[in-house]
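Each reported figure results from applying straightforward, stated rules to the coordinates on display, with no laboratory input. What you see is a predicted model, and the numbers here were worked out from it, not measured in a lab. Heads up, the Cβs are rebuilt from the backbone with ideal geometry, glycines too, and the neighbour counts pull from every protein chain shown.
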Ligand code: SF4
C-alpha cells in the first residue's frame, strides 16, 4: 500500500523526487515571447516536452519569414516543419486558425492589450480564438506570461496524475482535459511550483510513465503510486528503457 495517500502531500513528494531524477534548467521568468507567440509555443508544447517544443518552435520561426507567412501557408506546409512532434497536422491547423482569427480581428498580430485586463478577462478573451486556443494554451499563457497560478494539463500529464490516483480514472488522457479537472489539480499545487510541475511531469511522462506499460521499476514515485504497486506486483522488473530520440 502507498504510504502517502493525501493528494497534496503526494504531489509535493513527487515533485521533490522528480526534481532529483530530472535535473532540468529553471523555468525562465521571461520567455521573451509575445502573447501570440506564447499561444503558438503552447500549440507546440502540449503533449510533449520543453526540449521538443523548443526545437519545433525554433524550426517554425526559421522556416517562415514572419507569422503572416505562416498564416497564408497550408496545413501540410506548416505540419512538415513541426515534425517530429506528434500530431503535427493538428498543431499546424490550430496555429494557422489562431493567426487567421487574430489577423481578421485586428489586422495585426499584436495581442499585447489582452493581457492588461486581469487574469479572468485575459483568459476569457483568449478563449474567443477558439479554433486556435484550447484550455491548455490559456493556462499556459496565465502561467508563463501573466505569472498567475495555472497548471496546463495535457494528455501525458493527466496519464501520470491518473496513475498516481490524483485524478479520477474516467479522465481520459486526450488533449481536451476539462477545465474543472485543471481547477482541482491547481488546488493541490502551490503557485511557486506550478511551472516546475509542468516541466517535470512532462519529462516523467516521456521517460518513465510512458503510454502502454510504464517503467515502474525505475520510477522514483513507485513507493507511493497505486498503479506502480499493481504493476510491480504483476511482473518482474522491466529492462532499462531504451533512450528515445530527441
Ligand atoms: S510508478 Fe509507474 S505508474 Fe506510477 S508514476 Fe511511476 S512509472 Fe507511472
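For the chain, what's the relative contact order in percent, using C-alpha pairs closer than 8 Å and at least 6 residues apart? Working shown, then result.
Working: 314 pairs, mean separation 61.4, N = 246.
After rounding, I find 25 percent.
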note = Expressed in nanometres to one decimal, the distance between label points 7 Å along Cα→Cβ at residue 63 and residue 180 is 3.9 nm
task = Just subtract the alpha-carbon distance of residue 187 and residue 107 from 0.36 nm times their residue separation and send over the number in nm, one decimal.
result = 24.9 nm
message = Along the Cα→Cβ direction, 7 angstrom out, place labels at residue 170 and residue 117. What is the inter-label distance in nm?
response = 3.4 nm
ask   = Any idea what diffusion coefficient segment 35-144 gets from Stokes-Einstein, in µm²/s, Kirkwood Rh on alpha carbon pairs, 25 °C, 0.890 mPa s?
value = 177 µm²/s
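Rounded to the nearest 500, what is the 222 nm mean residue ellipticity of the chain from helices alone, with -39500 (n - 2.57) per DSSP H run of 4+ residues and division by all residues? Write down the numbers at each step before the final one.
Details: 12 runs with 132 residues, N = 246.
Dividing the helical sum by the residues of the chain leaves -16000 deg cm²/dmol.
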ask   = Which whole-angstrom value gives the distance between the alpha carbon centres of segment 2-25 and segment 162-232?
value = 10 Å
inquiry  = Beyond 21 Å, how much of the Cα-Cα pair distribution for the chain remains, as a whole percent?
reply    = 58 percent
remark   = For residue 232 and residue 87, extending 7 Å from Cα along the Cα-Cβ vector and measuring point to point gives, in nm, a value of 3.2 nm
key: Rounded, prolate or oblate (a/c below 1.5 giving rounded, otherwise prolate when a/b exceeds b/c) for segment 77-129 by Cα gyration tensor   = prolate
query = Does segment 126-189 come out rounded, prolate or oblate, given a ≥ b ≥ c as the square roots of the eigenvalues of its C-alpha gyration tensor, rounded meaning a/c under 1.5 and, failing that, prolate meaning a/b above b/c?
reply = oblate
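Using packing as a proxy for protection, rank 32-38, 178-184 so that the peptide with the highest average count of other Cβ atoms within 10 Å comes first.
Details: 32-38: 17.0, 178-184: 14.1.
Sorting 32-38, 178-184 by mean packing, highest first, produces 32-38, 178-184.
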